[in-house]
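Visitor: Sharing a structure below in structure tokens format, with a few things to ask.
The values are calculated or read from the model by the stated rules, or taken from the named source; none is laboratory data. Note that the coordinates shown come from a computational prediction; the quantities given were computed from them, not determined experimentally. We place every Cβ from the backbone using ideal geometry, glycine too, and count neighbours over all the protein chains shown. Note: areas computed on protein heavy atoms with side chains; ligands, DNA, RNA excluded. Shrake-Rupley method; radii C 1.70, N 1.55, O 1.52, S 1.80 Å.
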Amino acid sequence: MISLTDSQKIGMGLTGFGVFFLFFGMVLFFDKALLAIGNILFVAGLSFVIGLERTFRFFFQKHKMKATGFFLGGIFVVLIGWPVIGMALEIYGFFLLFRGFFPVVVGFIRRVPILGSILNLPGISSLTIS
């Protein structure tokens, strides 16, 4: 089992609450306040989990500047009050930022008993990258 420091445990909680508030804000027809709280909690939680310096290094790599611009720009647009446009920008930036991580996630899900058998079905397995 992986041991976590206290600040990483706090970061996991903040990130989890951030994802919850983002999801709940989208379910409630893009509620501005919930989306803003979710964005702030998600970024703060990420900083607690991997550290402030590593967070800056991750977001501000030269080849990820476009993705970072869309992600942080989307957060800003949500904060100023245009939640639908802001979330569209954020989702696009999120996929650009974490596209290298998706094959790892798909590989992990393939090893989960029920989900793995679903991902290995003929029509779906051709869609997945891993």
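Visitor: Can you tell which of Arg57, Arg99 is open to solvent by 50 Å² or more (accessible area, probe 1.4 Å), under 26 Å from Gln8 (Cα atoms), among the basic types (Lys, Arg) and assigned to a helix (DSSP H, G or I)?
Guide: Answer to the check: Arg57.
Visitor: Considering region 1-29 alone, what residues qualify as being under 17 Å from the mean Cα position of the chain (by Cα), open to solvent by 70 Å² or more (accessible area, probe 1.4 Å) and not aliphatic (A, V, I, L, M)?
Guide: Of everything in region 1-29, those that are under 17 Å from the mean Cα position of the chain (by Cα), open to solvent by 70 Å² or more (accessible area, probe 1.4 Å) and not aliphatic (A, V, I, L, M) turn out to be Phe17, Phe20, Phe23, Phe24.
Visitor: Hey, another quick one. With the checklist (1) under 24 Å from Ile10 (Cβ atoms); (2) at pLDDT below 95 in hand, flag the one item Gly107 doesn't pass.
Guide: The single condition Gly107 does not satisfy is (1).
Visitor: Further question: Among the residues of region 106-126, which ones are part of a helix (DSSP H, G or I), surrounded by fewer than 12 Cβ atoms within 10 Å (Cβ to Cβ) and small (Gly, Ala, Ser)?
Guide: If the condition is that a residue be part of a helix (DSSP H, G or I), surrounded by fewer than 12 Cβ atoms within 10 Å (Cβ to Cβ) and small (Gly, Ala, Ser), then Ser117, Gly123 are the ones that fit.
Visitor: Only one residue in Gly74, Gly100 is closer than 28 Å to Leu127 by Cβ and modelled with pLDDT of 95 or more. Which one?
Guide: Answer to the check: Gly74.
Visitor: Sticking with this structure for a sec: In this structure, does Val77 turn out to be under 22 Å from Gly100 (Cβ atoms), of a type in the set (Val, Ile, Thr) and either open to solvent by 90 Å² or more (accessible area, probe 1.4 Å) or assigned to a helix (DSSP H, G or I) (or both)?
Guide: No: the conditions fail for Val77.
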